[in-house]
Amino acid sequence: MARNKEKLVLLLDVGPSMHGVLPEVEKVCSMLVEKKLIFNKDDEVGVVVFGTEETNNELMDEVGGYENIVVLQDIKVVDGDLIDILKKLPRGTVDGDFLDAIVVGMDMLIKKYKGIYKGKKRLCLITNAIHPTKDSLEGSKEDQVGTLAVQMTAQGMKMESIVVRGILSQDANKRIMDENDRLLSIFSKKTRSRTVYVDSPISLLGALKTRRVTPVTVFRGHLELSQQMKIKVWVYKKTQEEKFPTLKKYSEKAPSTSKFATHQVMVDYEYKSVDDSSTVVPPEQRIKGYRYGPQVVPISDAERDAVKFKPEKGVKLLGFTDASNIIRHYYMKDVYLFIAEPGNTRAILAVSAIARAMKEMNKVAILRCVWRQGQQNVVVGVLTPNISQNNKIPDSFYFNVLPFIEDVREYQFPSFNSFPASWLPNEQQQMAADEFVQMLNLAPSGKEEALLPEFTPNPVLERFYHHLELKSKQPDAAVPPLDETLKRITEPDLELDFENKSVLDSLCKHFELKENSKLKKSARRLLPEKPSGSNGEDGNGNVSDARAVDSIGQEPVVKIEKIGDLTPVQDFEVMMTRRDNPEWVGKAIREMRDKILSLLTNSHGGDNYLVAVECIIALRKGCILEQEPGPYNNLMRYLYRYCQEKEISTFPKLLASMDVTLISKSEAVDSNFTDDEARRFLDKIKPEPKD
Amino acid sequence: MDLDPEDVFKDEEDDPDNEFFQQSESSKEYVVYLVDASPKMFNTTCPGKDQKDEIHFHVSISCIAESLKTQIICRSYDEVAICFFNTREKKNLQDLNGVFVFNVAEREQLDRPTARLIKEFDCIEESFMREIGSQYGIVPGSRENSLYNALWVAQALLRKGSIKTADKRILLFTNEDDPFGSLQGAAKADMTRTTLQRAKDIQDLGISIELLPLIRLDEEFNVSVLYSDLIGLDSEDLAQFIPSAGQKLEDMKDQLRKRMFTKRIIRRITFHIVKGLSIQLNTYALIRPTVPGAITWLDSVTNRPLKIERSLICEDTGSLIQEPPKRFQPYRNENVKFSMDEISEIKRISTGHLRLLGFKPLCCLKDYHNLRPSTFVYPSDQEVVGSSCIFIALHRSMLRLKRFAVAFYGGSSRPQLVALVARDEITTAGGQMEPPGMHMIYLPYSDDIRDAEEIFPDTEDDAPRADKDQIQKAAALIKRIEMKDFSVFQFANPALQRHYAVLQALALEEDDIPETIDETVPDEEGLARPAVVKAIEEFKLSVYGDNYDEENDHLGKEKVGGASRKRKEIAENAAKDYDWADLADNGQILLETLG
């Protein structure tokens, strides 16, 4: 299946302004190759970095120019070395020119495959596109990009651009950004390219599709409006769960040294009589029985085939109805996509007309579908319009399966209004809840929507491939902890919580929860899991808990339950050394982090900075002692961004002067940073003179 | 060929082992249907479909029949008994007057429903007057109390099994709100007292009594005369309970059917809202695909069930593997091994709770953000008092602000992001249509979303877009083919109905398989109405011009190749030529009831 292979060139911006996100770029690119090693072994990948001190590419040799671009890896079939290269991208020193990089990448693909290979060719550009591109020698930049776009289409190349912006990139010159965006949009308009903008590390990890799946149609045929009018459509899956890989069973019977051993395991089934387990019943003597109540009714396949439900293949319209008649939670399955037969202008127009009319009238269509001949069931589902936002892409429909009568369980639930008044929220409580729902907004206007499914990677799969790679080098490698960036998918965003601290506190203050004392002890599950409140008011339950534990622990030291305002460093140290409950360490770290953040935000004219730095130093020490680099390093990276956004320069200076670095690998093995990187953080944090 | 028979009912990607689709059989339900058969049940009617009046007794019977048919499919381990009171004849172990326990051969009085029970119960009305008879059991001057007797019999039927492993319920169908109304003075007081005491004793045993009142157009069913005390309603329940008089029959039937199901909690989960604020929620599966039950392999000679033994054999050495084997993934030219512990460790990325991450406007939930059927969540104060209060406050805020919540659900099988969409309660005269609460919608990850729509535009040209006229013609067409009152509960699954019709026919050794109707086929008659035909023609003309036929022909014709046409013919002939009676005579159909 040579045509099914993909030839990919990664174009990675490693200039100084990209350093903050390079760990994520390394992760997502190596994941891409890791998956190719399993699912698309014959794919070929090349790696180009730009923004480097050095220059090393053929175009420079041949025509000159194209400086600060290094071909790290020529295009070759994916292998493990490629991962090693991607895991250690160089940190560049100059601001790169992404247009030059695109030319270098195109040149590589053209030279290698010109005329021979007609399959998929792709460029993947990751940059923040905040630095100016060089003026072209002839014509405007727009003309130059136009020429490139024509060439790209002629060569059958696709491009995917991931532009890292927002808090991930420093405030840059808006004029330059706008120009770059305009240039990139020319590619999107004129070629099969798409450009996505991301502004959080999570969406950077999710923006690049790491698994290449060749789309397969579920159905090709007619969408029958009636006997007299049919539209030719193709149906694909729009969403489909990417499952955890099915791992084969491994047999350790053969010696591990044996070269020829497959170590495979065969699964064998034997059918035996319940009464006499010595006899095996041969296949021709077996018959399938179907349960009907307590009875088991035997039916042979021939009988079944003769009487079973056999609908004709086809997709038929039952009618249109108000969109409000189909409530969203009735969707039963993953989603299908209906497109008009590609290249069939009339069909595309027909789909477009119906989709747009449906959208305007707020209607949906109800369809009855039998995807394949010989399928023994039908599905009834809802077709909704998908109006294309991109001029190059035709309008289409989404489709989802609706339940049959048998699939719906009509349970009744008490109306909330029937609850005793004491169970219903009072006015203040309702206000606190309203404010909470309003403020804890993941999609504020003007910002990127957080946790957008399209850009959110699957943390379990990321962890699996990470572990797989570790194990391939060291077979007994332990399961790595969940990546810090990915934790933000599973846990509330600290920044968001922090910004809305008063709202959160007010919610906690207005609502009171009590364990049901009437319940038997064994039935209580919530108590031990109750997260410890860090800021006093809500932590009463925990305090009494802790006291109970203390009396058993019999430690004569003063019990510090929380970090106070007077001696935060000492409080922290005492809490870190408490051994009566392993939870103290986590609690101490959390409280210290919160303390540092509140010192910083409540600081007037920098009066709290010194205390904050002291706290940071204490936290650093504690985290190294406990070998828990994560919380500290994350806090530091957050502070770095925070200061940048608020344009605070004195605090980073202070940190730099005290030599407060990130925790490096040599200090705590779980750290993602080498000594050098940890140190470089200081350089970065020092405010650069602005021009 | 050892195909999994369930294959035919699902698309490839459904995973039958997925806990998600399986229904727990851990708790059984024992139900006694207690049906009033007094003359009043036969004299009173309510308007039904097509303005035809239907008598109350018939309504009760058809509700039960319907529920039995669902039950044998979905919850066949539950056990039922059917018991009439106010009857002429008596049949019960206690030999009490006016109570008749209906049963069929090969079945205990309280037992799992069988094909025969369903079949004979379906035609009970034909023989009812002849064999069982209707007669008031509470009359002045007599000491008989048929209601008391009925409760006693029901209680005795439910003696089976422990209350710990089974839910026990009595469902009482009646249209008489004042059963002792014909009595006077001491006799009335006495009977009321003993009956209420009997009901209380029953409830003390852990058996619940539920009332399913049937009402007339012109008359209210006054629950407070007797039944509120009998079934133990307090005043708050009471207001909710009384169905309004003048309800349509369908509504009433609908309501009765809904009440016959008990709610089953799939899971109790903890919902972390913010630090220090975690509430308790119960989750319910309101919508799940119903598939025919698992198959059991039988020995075709003896008709005895077979057990399947699975063994793992090492391909290199041929030896049996006893211990659970490790797994491996070929990677970088070697086999990377994982223990099962490691795999579950990899998947454990969260505590298994539901954790709130924030809120988004409802428009952010796209049509393609869906993977599986949703799960319903409803608060519970059972363990954490105050859960409902917070839940309701958030529920109201979310409805008002048109937001949904995004949360992370850290279950062990597939930890994932979910959307929690608040839904307000919707009630009609027929009762609750949509319960109040939130629906948990499982969101895809980036790798689960595909962009097939983007693969085709290979040219520099823009994609064709419909013009104003074409859109207008399409709009006219949409108006013509409108289903005004469409509801998702409209269609029965024709494949499932067919499957069970076949099973029932075979189980009862019937010669004919009852016809099943496929309700999902388009309304050809409606589509052939001149106005509809005209709208379609106009739309067709606006898009295709006069070229519709030639443009649409080439694909349609070439598709039906010789092979598939032949296959079709064979299948059609096979069905035609099949002679059920003949097959049965030749012993090709083996029928036997297994224990």
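Every read-out reported here was derived from the displayed coordinates using simple, explicitly stated rules and does not represent laboratory data. Because the structure is a prediction, the values reported are computed rather than measured. Cβ: placed from backbone, ideal geometry, glycine included. Neighbour counts: every protein chain shown.
Observations
- Placing unit charges on the Cβ atoms of the charged side chains and taking the dipole of the protein assembly as shown about its Cα centre, the candidate lying farthest along the positive direction among A:Val503, B:Asn493, A:Val307 is A:Val503.
- In region B:64-130 the Cα-Cα distances spread across 5 Å bins starting at 0 as 4, 16, 27, 24, 17, 9, 3, 0 percent of all pairs.
- Peptide A:483-492, shielding by other chains (average Cβ, 10 Å cutoff): 4
- Here each label is just a point 7 Å from Cα along the line to Cβ, and for A:Glu427 and A:Phe498 those points are 3.7 nm apart.
- Seen through its C-alpha gyration tensor, with square-root eigenvalues sorted a ≥ b ≥ c, region B:336-474 comes out oblate because a/c lies at 1.5 or above while a/b is not bigger than b/c.
- Judged by the mean number of other Cβ atoms found within 10 Å, the most tightly packed of the peptides B:266-277, B:169-180 leads the ranking B:169-180, B:266-277.
- Whole-number percent relative contact order across chain A, with pairs defined as alpha carbons under 8 Å at least 6 apart: 8 percent
- Dipole magnitude of region B:265-449, debye to nearest 20 (Cβ charges: Lys/Arg +1, Asp/Glu -1, about Cα centre): 600 debye
- Other protein chain Cβ atoms within 10 Å, averaged over every residue that makes up A:439-445: 5
- Cross-link pairs beyond the 22 Å C-alpha cut-off, checked among A:Lys316/B:Lys366; A:Lys141/A:Lys190; A:Lys41/A:Lys112; A:Lys76/A:Lys158; A:Lys209/A:Lys238: A:Lys316/B:Lys366
- Two-site FRET efficiency, B:Ser142 against B:Thr302, from Cβ-Cβ distance with R₀ of 56 Å, rounded to 0.05: 0.50
- Going from the residue with the fewest nearby Cβ atoms within 10 Å to the one with the most, A:Ile287, A:Ile563 rank A:Ile287, A:Ile563.
- Rounded to the nearest 20 debye, dipole of region A:40-152 from Cβ charges on Lys, Arg, Asp, Glu: 600 debye
- FRET efficiency for the pair B:Arg529 and A:Arg304, taken as 1/(1 + (r/R0)^6) with r the Cβ-Cβ distance and R0 = 56 Å, rounds to 0.90.
- Size-normalised alpha-carbon gyration radius of the protein assembly as shown, reference 2.2 N^0.38 Å: 1.05
- Cα gyration tensor category, rounded, prolate or oblate, for region A:283-375 with a/c compared to 1.5: prolate
- Looking at chain A alone, DSSP beta bridges between its own residues are antiparallel in about 60 percent of cases.
- Less than 5 angstrom separates the built amide H of A:Lys121 from those of A:Lys7, A:Lys158, all sequence-distant by 5 or more or on a different chain.
- Label-point gap, in nm, between A:Asp42 and A:Val274 - each point 7 angstrom along Cα→Cβ: 5.1 nm
- Taking the number of Cβ atoms within 10 Å of each Cβ as an exposure proxy, the fewest-first ranking of A:Leu123, A:Leu37 is A:Leu37, A:Leu123.
- Among A:Trp423, A:Trp234, the ranking by other beta carbons within 10 Å of each residue's beta carbon, starting with the fewest, stands as A:Trp423, A:Trp234.
- Estimated translational diffusion coefficient (Stokes-Einstein, Kirkwood radius over Cα pairs, 20 °C, 1.002 mPa s) of region A:6-207: 127 µm² per second.
- Span per principal axis, largest first, for the Cα atoms of chain A (Å): 84, 83, 68
- Which of A:Asn56, B:Asn86, B:Leu196, positive extreme of dipole for the protein assembly as shown (C-beta unit charges): A:Asn56
- Signed unit charges on C-beta, dipole axis of region A:411-467, positive-most listed residue A:Phe455, A:Pro444, A:Met431: A:Phe455
- The modelled label-to-label distance between A:Val216 and B:Asp512, using points 7 Å beyond Cα along the C-beta direction, is 4.3 nm.
- For region A:568-684, the fraction of alpha-carbon pairs in successive 10 Å shells from zero, as %: 14, 47, 32, 7, 0
- Mean partner shielding of peptide A:368-378, defined as the number of other chain Cβ atoms within 10 Å of each residue Cβ, is 5.
- Highest mean packing first, where packing is the average number of other Cβ atoms within 10 Å per residue, the peptides A:469-478, B:295-304 line up as B:295-304, A:469-478.
- Cα-centred dipole magnitude for chain A, charges only on beta-carbon of K, R (+1) and D, E (-1), debye, nearest 20: 3200 debye
- Computed P(r) (all Cα pairs; region B:165-236; 5 Å bins; percent): 3, 14, 23, 24, 19, 11, 4, 1, 0
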